[in-house]
Structure formats: structure tokens, C-alpha cells
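Encoded as C-alpha cells, the structure appears first; notes follow it.
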Amino acid sequence: MAERSTAAVGVAENSGDERTLAARSDKASVDSAMDGKSGSDRPPEDTRQDATPHSTQDADSAGSGNGEGGQGGRHAAGPAGAQQQDRPGGQQPGTEEGLDDGPEAASPGTAETPAPPELHSGHKLARRYRLEECVTRLDGFSSWRAVDEKLRRAVGVHILPSGHPRARTVLSAARSSALLGDPRFVQVLDAVEDHDLVYVVHEWLPDATPLSDILAAGALEPHEAHQLVTQLSQAMAAAHREGLAHLRLTPGTVLRTGSGQYRIRGLAVSAALRGISSETPQRTDTEGIGALLYAALTQRWPYEEDAYGLTGVGSLAKRTLVAPDQVRAGVHRGLSQLAMRALVNDGATASSQEQPCATPEELAKAASGLPRIPPPETGFGSPHPYQRPGFQQGAYGQGVHARPAAGRGGPAAPPDAAAPLALPGRTGKILKWGVSALLIAALGLGSWQVADTLLKGDAPPEQGVGQTQGNDETGSTGKPVKIVDAKDFDPPPGGNGSENPARVPDAHDGAPSTYWLTQKYYGRPDFGNLKPGVGLVLDLGKPQQVSSVKVDFMGATTAHFLAAPKGTTTMPGSLAGFSEVSGGTGEHLTLKAKKPIRTQYVLVWLTKLPLSDDGNYRGRITEIQVSS
């Protein structure tokens with residue numbers, strides 16, 4: 001029988017002595033004493049319980065690369081011989097952290113790792129997860145991009161043989177991570193032992209960008225770097241309070257969503273897959289956050305070896321590592337000191353003035369204690385180049401075909417475009433004087449008519465009266481139409497008839513601080529490809545003239561203005577009962593009809609939702625106004 005654990009259900013099913021012992025053993029490795037020594041200048045993930053000594057030649061042969069496999073890829077292999085990793089050309093947003101792993105050296109004298117099962121694109125796990133693309137294959141396990149055919153969404157899957165020496169540890173770590181349920185971490189969705197396979201299913205975030213890709217474009221602004229260290233330290237502090245550690249915090253395991261929220265992937269699972277452990281897990285994760293902050297401020301890696309596309313700058317143990325504000329100009333001094341306080345090694349810190357931050361909780365408090373760092377001001381675009389006129393200096397004396405030179409102003413005139421000819425001699429002078437006289441006479445005549453009208457006290461011309469009446473008629477349109485009632489609209493197919501009905505009044509209560517919101521949808525902005533859309537039906541009480549509907553959203557949303565036919569007296573229950581009037585995308589939409597229509601029921605229909613801070617798609621309407 002397959003042994004399954006999901007974030008919502010399966011953990012309660014996992015009873016049994018063997019699994020309980022495995023979970024306790026795994027938790028013990030994470031919750032070890034915090035006052036031990038790390039004993040090396042290597043990054044946090046280089047300290048393992050099951051690592052064996054390896055030669056300098058093995059470390060050098062591992063190389064640095066752009067990997068996540070450690071600073072310069074210098075950590076020892078687990079209890080099994082390493083296999084050569086399949087490394088694609090580059091990491092795509094939302095893909096597995098395993099893409100950044102460097103090749104690992106095999107440890108002599110250890111048991112041979114079971115060969116990974118022969119899997120291929122199109123293979124299905126549990127008749128549900130269809131494998132699409134292998135993103136890494138390393139040390140007996142492989143990581144895939146897959147599709148959950150039941151929920152129609154993209155997922156990531158780690159797969160290893162059930163006989164793998166770390167299979168039980170991986171299952172225990174995945175179940176513990178699934179129980180956390182913190183949206184700041186990429187969520188574990190399923191953990192299964194099925195016959196000869198063990199696999200872990202987790203969220204796939206196609207719209208998120210790894211920190212390694214962001215740093216490849218340049219260092220972060222101080223405000224953004226402060227957000228990074230604050231969010232990561234607070235998230236890891238919450239994880240450690242539940243007895244969970246990461247131990248492999250690298251630029252490849254941190255993702256930034258479109259809303260600016262940072263999310264951490266591989267909590268507990270990434271280290272378990274590679275056999276990484278630490279006697280001081282809190283210090284290890286704190287040093288990892290410090291290394292990420294250092295890299296964000298300087299675009300350099302705070303170790304001797306190059307890694308993740310960043311140049312190594314020195315060693316803390318050898319006292320060759322300098323503070324970020326000495327590496328790059330313009331670095332915020334408070335953040336520079338914070339990074340050095342987090343980069344602890346053997347209980348020491350590079351900052352002699354402040355105590356080191358040895359836990360994520362201490363780092364979070366230190367980050368929140370910094371003075372407010374304002375976001376960068378929005379810069380103005382560069383002005384358009386000055387367009388020189390055709391009579392610029394140098395054009396005189398070149399004949400009637402003179403043109404401005406190309407490249408010094410606007411585009412050059414075509415060769416056949418000749419300048420207008422000037423009237424020569426006395427004819428031109430007579431013509432100019434004649435035109436001037438006509439203008440003076442017209443101006444005098446107009447002034448006399450105005451003065452005569454004012455003296456006689458006559459009414460303005462009839463044309464002016466007609467124009468005023470026309471403006472009054474136009475002003476009668478555009479008046480607010482009262483919304484008598486509103487109802488959530490979630491029709492079949494795909495819908496269940498209810499979409500957060502309790503919050504519907506908040507969408508038209510006149511208070512922008514309240515809002516109606518949809519349910520959460522995963523993977524895609526089009527409601528996870530589960531339904532065509534949802535919306536709100538507005539009851540105007542009786543058929544009334546409607547020319548526009550103004551809708552305010554939280555986040556750019558695609559919405560449509562639909563109306564029921566004029567003679568409809570009951571609220572339609574299906575989308576076929578409405579006709580589309582107009583549509584658009586944005587945070588503040590004014591959906592106008594080509595000409596005013598008459599209806600009692602208006603439908604605001606949402607078809608694409610914005611990405612929320614928790615990584616899900618959700619629509620929010622703060623206010624709706626209907627105008628006649």
C-alpha cells in the first residue's frame with residue numbers, strides 16, 4: 001500500500017513506530033544545542049553529520065560554478081557515491097533549487113547509493129502527477145517539473161528510491177515542513193512512499209524570480225535589501241520555533257514574487273535530500289541569511305570561492321573579509337554592520353563593536369531596530385532631444401533645399417521635400433502690408449460689435465444660448481445610480497454558486513478600506529484554469545439608464561461589464577443571461593458603454609486575478625459605482 005502524507009490530511013495517517021523514530025531522529029538533528037562551534041569558514045550547509053573527510057583535490061574538482069551546492073561547491077558527499085548532475089543551461093524562475101547544485105565528490109569507503117529509477121517525461125506518479133522536465137539529477141535523487149492533473153496546476157517533485165539511505169529522513173522532513181503551513185515558505189503538498197519510490201511534491205511558482213537571477217543584474221537598493229533580511233529572518237525565526245531548520249539558504253533557494261514578497265523553498269527537505277545536518281542549526285541559518293544580505297549589498301559572495309555567479313571576496317576566519325560598505329560605494333552603513341554581525345564563525349564576528357547575531361530571532365530584532373530606510377524615489381525619464389528648426393545656423397545660404405542634418409535633431413527631411421519659396425521684392429512687401437491691414441480692420445470691427453452689444457444690453461447671440469442648453473443636457477448624464485443589492489456570482493461550469501458571499505456588501509459600502517475578495521486560486525491567474533471567472537451581480541431596483549461602471553481593485557485585475565436585457569425582472573442565474581458591454585485591465589477601471597443602456601442587473605465579471613503576497617491568485621474589489 002502507498003504511504004501518503006499531504007499538508008492538509010495525510011500527516012494524521014502516519015502512525016507507526018518506524019516512522020515515529022525517523023521523525024524524532026530528524027528533529028533531533030535540527031534542534032541541537034545552539035552554543036556549539038561551526039568550526040569552519042565554509043557556508044552553513046557544509047557541516048554535515050554524515051559527511052566524510054575528502055581531499056583538497058576532491059574539493060577543487062567540485063568547482064565553484066553558479067551552483068547552490070555550497071560556497072564553491074566544497075561540501076562532502078553524503079553516505080553514497082555522487083552521480084553526475086544533469087545541468088541545464090540556466091535556471092528558470094520557479095524551477096528546482098537543485099539546478100544550482102555543483103557536482104559533489106564521492107566519499108571513499110561508503111555504501112553505494114541505489115541507482116535512481118528510470119523515469120522519463122510523461123511518466124505518471126499515483127496516476128496524478130505527470131512528469132514534464134527533469135531539472136536536476138544528483139546523488140541518487142532527481143527533481144522534476146510536473147503537472148498535477150487532478151487540480152490542473154504545475155508542481156515540483158523530488159524522487160528517490162525507497163531503498164535510498166536518506167529516504168526515511170526526506171519523508172520525515174517533508175511531513176514536518178508540510179505541517180508548518182507558513183506562506184513565506186514554498187509549501188510541501190504531498191509526501192509519498194509508493195512501492196519502490198519515495199517522492200515529495202511541492203508548490204511550483206512560475207512567476208517568481210530566484211535571488212541569484214536578481215543579483216546577476218546588480219546589487220539591491222538599501223530599501224530592498226532591508227526587506228530581504230527582515231522577511232528572511234522573521235520567516236526562519238518562525239520555522240525554528242517549530243523545530244525546523246533549512247541549513248541550505250543560498251541565492252537559489254530564495255524567490256521574489258511579483259508583489260515583492262520573498263519566499264523560501266526547500267525548508268528541511270533540501271538539506272535532508274543531501275544529507276546535510278548541523279549541531280548549531282540556528283547559527284547556520286543565521287549565517288546563511290547574513291551571506292545573502294552581504295551578496296545583496298555588494299553583488300559579491302562573502303567567502304573565498306566564487307559561487308552562484310558571484311565573486312568571492314575573502315575569508316572571515318583569515319580576517320580577509322571586509323565590510324560591505326568597504327567593498328562597494330553607497331552601501332547603507334547599518335545594513336553593512338548587520339551583515340557582518342550575522343556572518344558568525346567559531347563564535348566570532350567581523351564586527352567588533354556589536355555582539356554577533358547567533359539566531360534568526362536576534363537578527364530579526366536587529367533588522368527591525370534599524371532606522372526607517374525609505375524606498376528609492378521614482379526617477380523622471382530623460383527629456384526628448386531638442387528638435388532644431390529648419391532655419392538653424394548653417395542652413396542659411398545653402399539654397400532653398402537646405403535641411404537640418406540627420407542625427408542632430410529630428411529625422412532629416414526627405415530629399416524631394418523642398419522649402420517653400422519666398423515671394424521676392426516689392427510684391428512680397430505689398431502682400432504683407434495688405435494682410436496686416438485686413439487683420440487690423442477685422443479686429444476693429446469685432447471690438448465695435450462687442451462694445452455696441454454691451455452698451456445696448458442685448459442678450460448674447462442665439463448660438464451661445466444653444467450651446468449652454470446643450471451643456472446642461474450633457475450634465476444630466478453621469479449621475480450616480482444607487483445599488484439596491486448585490487450578490488456573488490459563481491455559476492457552473494466550474495463554479496459552485498458561492499464566492500465569499502459574506503463580504504459582498506463591502507464592495508459597495510462607500511468605504512475604500514473594506515473590500516470583497518475571491519477565494520484563493522493556485523498556479524495561474526485565470527482561476528487556476530478551473531473556471532471562466534467569478535463576479536458580482538448588482539441589482540439597481542428597477543430598470544435604469546446605465547452608461548458606465550467604475551470598479552476599484554487591489555492589484556491589476558481583468559474585468560468585464562455585462563448587463564441583463566432591458567425586460568429582465570429576475571436576477572439571471574447563468575452567464576448566458578447577460579450580454580457584454582465593455583472590459584479592461586487595471587486597478588482602477590471605468591467600463592463605459594458605447595451608448596447608455598437600460599437594465600436592472602449589472603454584472604462585474606472577473607476573468608484574471610492579481611498575484612497576492614502569499615503566492616496565490618486572488619481578486620479584491622474595494623468599491624463599485626454605477627453611473628447613468
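The values are calculated or read from the model by the stated rules, or taken from the named source; none is laboratory data. Computed from a predicted structure; not experimentally measured. Every residue, glycine among them, receives a Cβ derived from its backbone with ideal geometry; neighbour counts consider all protein chains shown. Note: accessible area is taken over every heavy atom of the protein model, side chains too, but ligands, DNA and RNA are not part of it. Shrake-Rupley method; radii C 1.70, N 1.55, O 1.52, S 1.80 Å.
Count, please, the residues in segment 318-372 that happen to be among the hydroxyl-bearing types (Ser, Thr, Tyr), at pLDDT 85 or above and assigned to a loop (DSSP other than H, G, I, E, B). Number satisfying all stated conditions: 1. Considering segment 140-254, the qualifying helices (runs of 4 or more DSSP H), each wholly inside and each with 1 or more residues that are more than 30 Å from Asn529 (Cβ to Cβ), out of contact with any His (no Cβ under 7 Å at 6 or more places or on another chain) and of a type in the set (D, E, K, R), run over 167-180, 222-241.
Of all the residues in segment 583-615, those that are touching a strand residue (DSSP E or B) at 6+ places or on another chain (Cβ under 7 Å), surrounded by 17 or more Cβ atoms within 10 Å (Cβ to Cβ) and more than 22 Å from Asp485 (Cα to Cα) number 5.
Scanning segment 472-492 for residues that are touching a Pro at 6+ places or on another chain (Cβ under 9 Å) and at pLDDT below 75 yields one hit, Thr477.
For segment 557-577, a tally of residues being assigned to a loop (DSSP other than H, G, I, E, B) and among the aromatic types (Phe, Trp, Tyr) returns 0. When Gly528 is tested against (1) outside any loop (DSSP other than H, G, I, E, B); (2) under 30 Å from the mean Cα position of the chain (by Cα); (3) modelled with pLDDT of 85 or more, only condition (3) is not met. Kindly indicate the residue of segment 533-579 that is touching a residue at least 60 places away in the same chain (Cβ under 8 Å) and touching a helix residue (DSSP H, G or I) at 6+ places or on another chain (Cβ under 8 Å) and also nearest to Val484 (Cα to Cα) among those meeting that condition. Result: Leu536. Considering Val534, Val551, the condition of being surrounded by 15 or more Cβ atoms within 10 Å (Cβ to Cβ) and under 24 Å from Gly615 (Cβ atoms) is satisfied by Val534 alone. Any residue at all in segment 292-312 that's in a loop (DSSP other than H, G, I, E, B), small (Gly, Ala, Ser), at pLDDT below 90 and open to solvent by 10 Å² or more (accessible area, probe 1.4 Å)? Within segment 292-312, not a single residue is in a loop (DSSP other than H, G, I, E, B), small (Gly, Ala, Ser), at pLDDT below 90 and open to solvent by 10 Å² or more (accessible area, probe 1.4 Å).
Would you be able to say whether some residue in segment 562-578 is under 28 Å from Trp204 (Cβ atoms) and either open to solvent by less than 20 Å² (accessible area, probe 1.4 Å) or of a type in the set (S, T, N, Q) (or both)? The answer is no, given that none of the residues of segment 562-578 is under 28 Å from Trp204 (Cβ atoms) and either open to solvent by less than 20 Å² (accessible area, probe 1.4 Å) or of a type in the set (S, T, N, Q) (or both). Hey, does segment 103-123 have a residue that's open to solvent by less than 50 Å² (accessible area, probe 1.4 Å), at pLDDT 90 or above, of a type outside the set (Val, Ile, Thr) and outside any loop (DSSP other than H, G, I, E, B)? No, segment 103-123 contains no residue that is open to solvent by less than 50 Å² (accessible area, probe 1.4 Å), at pLDDT 90 or above, of a type outside the set (Val, Ile, Thr) and outside any loop (DSSP other than H, G, I, E, B).
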